[in-house]
Amino acid sequence: MNTPHNPRPQLVCASANPDKVAEIEFILRDVVDLVARPADVPDVVEDADTLEGNARLKAVAICEATGVPAVADDTGLEVLALDGAPGVYSARWAGEGCSYADNRNKLLAELGGETDRRAVFRTSVLVRWPDGRELVVDGVCPGTIALADRGEGGFGYDAVFVPDEGDGRSFAEMAEADKHAISHRGRAFRNLLDALSAAGE
Ligand code: IMP
């Protein structure tokens, strides 16, 4: 795939979440041609019990529908004082059809005045080729959960997540490039680029 005639690998992005697709495009823009998933392929039910399992469900569905390599990511926020919740259930933690704000409010309510607010964002990325080959990488970002929403940027739990390697701002208070430099997704996709290059793709 990565030849002098076609120097940029082409991957179909299996994610249907526009916030995540925008981030993935931003992170990969210099190296990979990311193709949007076909609109007529139905969303898969993400019912695996691991991030990698859900990433595989999405990548396999899109790879089979398009016949070209597909990339999928699945992300979870693991809060230590909540025994790792919401983890793989991060998307619909506050209930079916819930908003990002509903999830953040549930998180703040469940933590209450808890002083141990440590948490980890974890992303699993999986590429699936039509011949069945797979590449799996991950990325983590440790941090703490803020006492209330802070910032207007980002999406999901960004307004309550303060990364350890930052300067005290929540992800939602950071410029996009600053978030990706230390985020779970930034790390996972940079690991993917290294793995693709090592595999000669
Ligand atoms: P998904 O299953 O990978 O789509 O992610 C599950 C949920 O985690 C999303 O619906 C968001 O609420 C949240 N999430 C994923 N990535 C991020 C992120 O980078 N920042 C904040 N929240 C995120």
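Nothing in this text is a laboratory measurement; each read-out follows from the coordinates by a stated rule. Being a predicted model, the structure only gives us computed values, none of them experimental. So basically every Cβ, Gly included, is an ideal-geometry build from the backbone, and we count neighbours across all protein chains shown.
Which residues, taken from region 84-101, are over 12 Å from residue 49 (Cα atoms) and among the hydrophobic types (A, V, I, L, M, F, W, C)?
85, 91, 93, 94, 98, 101 - these are the residues of region 84-101 that are over 12 Å from residue 49 (Cα atoms) and among the hydrophobic types (A, V, I, L, M, F, W, C).
Would a scan of region 110-122 turn up a residue that is touching a Pro at 6+ places or on another chain (Cβ under 8 Å) and within 17 Å of residue 21 (Cβ to Cβ)?
no
For residues that are in contact (Cβ under 8 Å) with a residue 60 or more places away in the chain and more than 12 Å from the ligand (Cβ to nearest atom), scanning just region 68-106, find the one that is nearest to residue 160 (Cα to Cα).
Selected residue: 79.
Which residues, counting only those in region 10-27, are outside any loop (DSSP other than H, G, I, E, B) and either within 9 Å of the ligand (Cβ to nearest atom) or under 19 Å from residue 155 (Cα atoms) (or both)?
The answer is 13, 18, 19, 20, 21, 22, 23, 24, 25, 26, 27.
Give 61, 65 a once-over and let me know the one that is within 19 Å of the chain's Cα centre (by Cα) and more than 14 Å from the ligand (Cβ to nearest atom).
Being within 19 Å of the chain's Cα centre (by Cα) and more than 14 Å from the ligand (Cβ to nearest atom) holds for just one of 61, 65, which is 61.
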